[in-house]
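Written below as structure tokens is the structure these notes are about.
The values are calculated or read from the model by the stated rules, or taken from the named source; none is laboratory data. A quick note: this is a predicted structure, and the numbers were derived from the prediction, not measured. As a convention, Cβ positions derive from the backbone with ideal geometry for all residues, glycine included, and neighbour counts pool all protein chains shown. Note: accessible area is taken over every heavy atom of the protein model, side chains too, but ligands, DNA and RNA are not part of it. Shrake-Rupley method; radii C 1.70, N 1.55, O 1.52, S 1.80 Å.
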Amino acid sequence: MKATHYLSRELPAGLELLLELTTDLRWSWSHAADALWQTMDPDIWSQTRNPYVVLQNLSEERLQQLAQDPHFKQRLETTAQAREDYRRRPAWFGENYAQAGLRGVAYFSMEFGLGNALPLYAGGLGILAGDYLKAASDLGVPLVGIGLLYQEGYFRQSLDRAGWQQEVYPYNDPTMLPVVPVFSSAGNWLHVDANLPGRRVRFRIWQARVGRVTLYLLDSNDPLNSPADRGITNKLYGGSHEMRLLQEIALGVGGWRVVEALGLDIDICHLNEGHAAFAAIERARCYMDRHGVDFHQALWTTRAGNIFTTHTPVSAGFDRFPAELIFKYGQEYMAGLGLDFDALLALGRLDANDRREPFNMAYLAMRTCMKVNGVSQLHGEVSRELFNPLYPRWPRHDVPVDYVTNGVHVPSWDSLWADDLWTQAVDKQRWLAEPEPLSGAIERLTDERLWNFKGHERADLVTYARERHRRQLGYSGASAAELERAGDVLDPNILTLGFARRFAEYKRPNLLLHDEARLTRLLTNNDTPLQIIVAGKAHPQDDAGKCFIQHWARFAQRLEVRHRVVFLEDYDMALAQELVQGVDVWINTPRRPWEACGTSGMKVLANGGLNLSVLDGWWAEAYGDDVGWAVGDRENHNDSRHDGLEAEQLYRLLEEVVVPEFYRRDANGIPRAWTARMRASMARLAPQFSTNRMMREYVMRMYLPASEAYRLRSADEGRLGRSLCRWAERLRHHWQGIHFGNLVSERHDKRQRFEVQVYLGDILAEAVQVQLYAEQEGVSEASCALMQQGEPIPGSANGYVYRVEIDTEQAAADFTPRVVPHNDGARIPLELPLIKWFR
Ligand SMILES: *Cc1c(COP(=O)(O)O)cnc(C)c1O
């Protein structure tokens, strides 16, 4: 398979390497070649930080010059060699799991935030996906990404003079993006099709290179498609409901077809959020075709290799489509599956018989994946509650949702100062090694060193923010006097807070503005002032979010605070990088438990920034009183009256703890308590909340077991998969026949004996387990003991006595026997949520 470039001209002999180097997005986190790009064109480099754009804009004359420059060519060779070394170097995965049987992972996501050079993201979900690919590359995990190439992507933001958000949609010209067409083995540009009513839509396939990882991108903008279909991959989260469904068909069905068309050796299909869940259906369909089994048998086999990561903390966040839409677009497809319409819809419905119920993509993902996880410990709990209705009569803690807390790809977010500091303290490989707390290494850094380091970072941010602020004022037509003043906003010696995120209601972006006078006093205190940089976009259809932005923009224009508050427009990855590197304190004030995880706060850790945040998402598990500050009481409060209380808490923390600690200096000018906190946060939290730790967890806890399960189920033409399918059908059919007889219990001191009669009817005893279940006071874990099958009940057909004896202080009445399906090869209740309680 070859992939040629799209650059319309030949590069001079000796410079061909430039193309490969500038289209490998590894440059976005390895800064080793920055000086090289700068040499090529210092202006364009400083403006874009994108070597591919630099290359494309070089004049022929400049190219020839470089081709004649032995020094340049030498550096180019060295850079290419370093890239080769990186690609070949044995990495964590290969060193530990080369023989473990994991062949390949296809990671599906609606968005990928790899950097501004490839703007295919809106927010946290995309940034996570981008960081994920980079971590897979660093650790050598055999993974490909599958996504969509949007012509316009997510909107770019500017504010008008009144502080109201304006949206613009610049065109992503693919010839300007570091992507290249993928060619098929027949030598033409690779396409995959999706069947839609009355037509086939073609998707052109592009690829982006992310170190060792390839990201495949589908693009419907093909002249052979109808004008409307050409727009399927136009905007990210911008179109109608129907357009959203088309995009999800493109990603799921089209995406899996890319895997098939390229013959990729994939055993794991990983859905980053439910958007991509059609991939699991298409995977099963391909399996059906290949092995001549029916859809359910194919699903039982392939499900073992499917993984679903949910990011949604409230059920309103799930993607739902009306049944008519599914029918319109799924009709022909269903025929190919041999499924009737209701059977397909049942996969996305709570109640298969409720004809009004919409089709829920998260439910579809739950039913087609064998491993499911939330993205923080708290979000795991929240998700178990959200998905509990799919497992009727099962207690919440049995709901099969695990969690893997997100992390950030540190080399993509650390400052050059931080890179330098960590390299001295630890080494260059620190984000690839075992993610243990780096206490020893960071302990050795003196307070002076830490404080100096933070000072450099803060000064850089102030310079950047002034420049950007001035530019944005210029665009809005500000007067010369205003522009002049822009150079004086902010101060490199003042405690600097950062607040940047999507301006959605649940993020409560104006909690800090709850009492403007009080905030103003904090900002303008003579001895211990504060400054704050704010950024963030509201969804184009979210007027409430735009009002929050306007509130901040107007506040920032006030005479008394305008030198202390700056709203920077067009929050994106480049701006996020500057902010997380420079701020002293990162503020996050979501309404718990709506922040599934949140990752922006993790980005400040390696940079010595501290978090002041509501105990939600990742902060609920990361917080300790030596590493940062917490707002909230670990409870969920679903009413806005509570906002006032939390705002009060936020102000008090700032007034009484944060500000004094920052300004309490010793004779050498060092705030010792502050630097101690920086040290603890850096040493303990930075390694823990990195993608290095996260990717290892996904590999060890999800990918390896899933690939093993898939291998077992698919072995021997899917024998186990088929037999599990039959086993499940039998159980479903006869389940109602199970009933209980007497339950007796006896106590001997601390030991409690239970004995219960169970009539299994047409179900074999080995197909079930009888368990003794009790919830425990004040403990989230329940107790669940296996009851042993004893003698048959006289005169019964398939009735047995089951017994167990346990040590417990709890009353016998707390314990209830239950019957659940049992099969070593199946995951219960995920794959078969049957249960029968004694009462
Ligand atoms: C990291 C990041 C996010 C996600 O941050 P949250 O903590 O979820 O708010 C969103 N947008 C950009 C540009 C980012 O860099």
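Numerical summary
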read-out	value
Any pair with Cβ under 9 angstrom, 6 or more apart, that starts in the stretch 106-121 at a residue that is under 17 Å from Arg502 (Cβ atoms) and among the basic types (Lys, Arg) and ends at one that is within 14 Å of the ligand (Cβ to nearest atom) and in a strand (DSSP E or B)	none
Condition check for Arg26: open to solvent by 40 Å² or more (accessible area, probe 1.4 Å), part of a helix (DSSP H, G or I), within 22 Å of Pro119 (Cβ to Cβ) and not polar (S, T, N, Q)	yes
Any hit, the stretch 353-364, residues being part of a helix (DSSP H, G or I), at pLDDT below 95 and open to solvent by 10 Å² or more (accessible area, probe 1.4 Å)	no
Conditions (1) under 18 Å from Phe203 (Cα atoms); (2) crowded, with 24+ Cβ neighbours inside 10 Å: number failed by Val259	(2)
Enumerated helices (runs of 4 or more DSSP H) restricted to the stretch 206-275, each holding at least 3 residues that are touching a residue at least 12 places away in the same chain (Cβ under 8 Å)	241-249, 255-261
Residue satisfying condition, being at pLDDT 95 or above, in contact with a Ser or Thr (Cβ under 6 Å, 6 or more places away or on another chain), outside the structural domain of Cys597 (by TED's automatic domain parsing) and not in a strand (DSSP E or B), within set Ser412, Ser383	Ser383
Residue check for Leu102: open to solvent by 10 Å² or more (accessible area, probe 1.4 Å), in contact (Cβ under 8 Å) with a residue 12 or more places away in the chain and more than 16 Å from the ligand (Cβ to nearest atom)	yes
Residues located in the stretch 195-220, provided they are modelled with pLDDT of 95 or more and either closer than 17 Å to Met243 by Cα or not assigned by TED's automatic domain parsing to the domain that holds Arg244 (or both)	Val201, Arg202, Phe203, Leu218, Asp219, Ser220
Test for Asp527: is it away from the ligand (no atom under 16 Å from the Cβ), touching a Lys or Arg at 6+ places or on another chain (Cβ under 8 Å) and either modelled with pLDDT of 95 or more or more than 15 Å from Gln165 (Cβ to Cβ) (or both)	no
Failed condition for Leu497, given (1) in contact with a helix residue (DSSP H, G or I) (Cβ under 8 Å, 6 or more places away or on another chain); (2) in contact (Cβ under 8 Å) with a residue 40 or more places away in the chain; (3) in the same structural domain as Trp674 (by TED's automatic domain parsing)	(1)
Given (1) within 20 Å of the chain's Cα centre (by Cα); (2) part of a helix (DSSP H, G or I); (3) surrounded by 20 or more Cβ atoms within 10 Å (Cβ to Cβ), number of the condition Met682 does not satisfy	(1)
Residue check, Tyr169 open to solvent by 20 Å² or more (accessible area, probe 1.4 Å) and of a type in the set (Phe, Trp, Tyr)	yes
Selection count where residues are more than 13 Å from the ligand (Cβ to nearest atom) and more than 15 Å from Val213 (Cβ to Cβ), scope the stretch 109-131	2
Glu621 being near the ligand (Cβ under 10 Å from one of its atoms), at negative phi and either among the polar types (S, T, N, Q) or not assigned by TED's automatic domain parsing to the domain that holds Ser376 (or both)	no
When residues of the stretch 137-157 are limited to those that are at pLDDT below 95 and open to solvent by 20 Å² or more (accessible area, probe 1.4 Å), the one nearest to Arg257 (Cα to Cα)	Glu152
Positions within the stretch 569-606 being within 10 Å of the ligand (Cβ to nearest atom) and farther than 24 Å from Pro119 by Cα, in sequence order	Trp586, Asn588, Pro590
Selected residue (criterion: farthest from Met573 (Cα to Cα)) from residues of the stretch 106-121 that are assigned to a strand (DSSP E or B) and of a type in the set (A, V, I, L, M)	Ala106
Residue check, Asp626 out of contact with any strand residue (DSSP E or B) (no Cβ under 6 Å at 6 or more places or on another chain), outside the structural domain of Arg156 (by TED's automatic domain parsing), under 22 Å from Val658 (Cα atoms) and within 14 Å of the ligand (Cβ to nearest atom)	no
Segments classed as strands (runs of 3 or more DSSP E), wholly inside the stretch 734-839, with at least 1 members that are touching a residue at least 60 places away in the same chain (Cβ under 8 Å) and over 43 Å from the mean Cα position of the chain (by Cα)	739-748, 751-759
The stretch 629-675, subset among the β-branched types (Val, Ile, Thr) and within 19 Å of Asn525 (Cα to Cα), residue nearest to the chain's Cα centre (by Cα)	Val658
Index of the failed condition, Lys134 passing every other in (1) surrounded by 21 or more Cβ atoms within 10 Å (Cβ to Cβ); (2) more than 17 Å from the chain's Cα centre (by Cα); (3) within 16 Å of the ligand (Cβ to nearest atom)	(2)
Filter pass, Glu516 being in contact with a Lys or Arg (Cβ under 9 Å, 6 or more places away or on another chain) and more than 15 Å from the ligand (Cβ to nearest atom)	yes
Output for the stretch 156-203, where each listed residue is assigned to a strand (DSSP E or B), of a type in the set (Gly, Ala, Ser) and closer than 20 Å to Val253 by Cβ	Ala194
Output for the stretch 587-616, where each listed residue is in contact with a strand residue (DSSP E or B) (Cβ under 9 Å, 6 or more places away or on another chain) and more than 22 Å from Leu645 (Cβ to Cβ)	Ala596, Cys597, Thr599, Ser600, Met602, Lys603, Val604, Leu605, Ala606, Gly609, Leu610
Residue match in the stretch 36-50 (condition: open to solvent by 90 Å² or more (accessible area, probe 1.4 Å), of a type in the set (A, V, I, L, M) and assigned to a helix (DSSP H, G or I))	no
Any hit, the stretch 330-338, residues being assigned to a helix (DSSP H, G or I), of a type in the set (Ser, Thr, Tyr) and in contact with a Leu (Cβ under 7 Å, 6 or more places away or on another chain)	no
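This table checks each residue for (1) open to solvent by less than 70 Å² (accessible area, probe 1.4 Å); (2) over 23 Å from Pro313 (Cα atoms); (3) touching a Leu at 6+ places or on another chain (Cβ under 7 Å).
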| residue | (1), (2), (3) |
| --- | --- |
| Leu615 | yes, no, no |
| Ala630 | yes, no, yes |
| Glu648 | no, yes, no |
| Arg652 | no, yes, no |
| Glu656 | no, yes, no |
